[in-house]
Amino acid sequence: MMIELCDSADIGEGEIIRVDVPGCPAIAIARHEGALYVFPDRCPHADESLSEGWLEDGRVVCGVHFAEFELGSGAVHNPPVGCPNLSFFKCEDRDGKVFATLTGGPEHV
Ligand code: FES
């Protein structure tokens, strides 16, 4: 089931925002080249917030140990030891609102 997260206008190009959904771990939403990406606001390396990081060259950069995750595939670059890929939730922009499927865990888009 898709859950409404926020207005899509809340996320500017090149930004990452954090959204708190009752009953779910914090969610991050990023916009790159117009497309939206929804993923856990938790770096798979050491659980730090990815919305505190930034976007660069189509990647989410974690500001703590600088792992870089490709938007979409989640493939990790520059990984600290033991850092896996990032997973994404299925999402869509529906009439100006961002919806994502948060149940069942992150899925690759
Ligand atoms: S917590 Fe993100 S790279 Fe270490």
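Key figures for this structure:
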{"read-out": "1.4 Å probe accessible area per residue over the chain, in Å²", "value": "51"}
{"read-out": "Size of charge dipole - the chain - debye, nearest 20, with Cβ of Lys, Arg +1 and Asp, Glu -1, no other charges", "value": "280"}
{"read-out": "Protein accessible area in the chain, 1.4 Å probe - carbon and sulfur %", "value": "48"}
{"read-out": "Summed side-chain charge close to Leu36 - residues other than Leu36 whose Cβ falls under 9 Å, Lys, Arg +1, Asp, Glu -1", "value": "-1"}
{"read-out": "Residue (of Ile16, Cys83, Ser49) at the positive-pole extreme of region 1-83, dipole from beta-carbon charges", "value": "Cys83"}
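The values are calculated or read from the model by the stated rules, or taken from the named source; none is laboratory data. Here the structure is a predicted model, which means the values were calculated and not measured. All Cβ positions, even for glycine, are placed from backbone atoms using ideal geometry, and neighbour counts span all protein chains on display. In case anyone asks, the SASA skips ligands and DNA or RNA and just uses the protein heavy atoms, side chains included. Shrake-Rupley method; radii C 1.70, N 1.55, O 1.52, S 1.80 Å.
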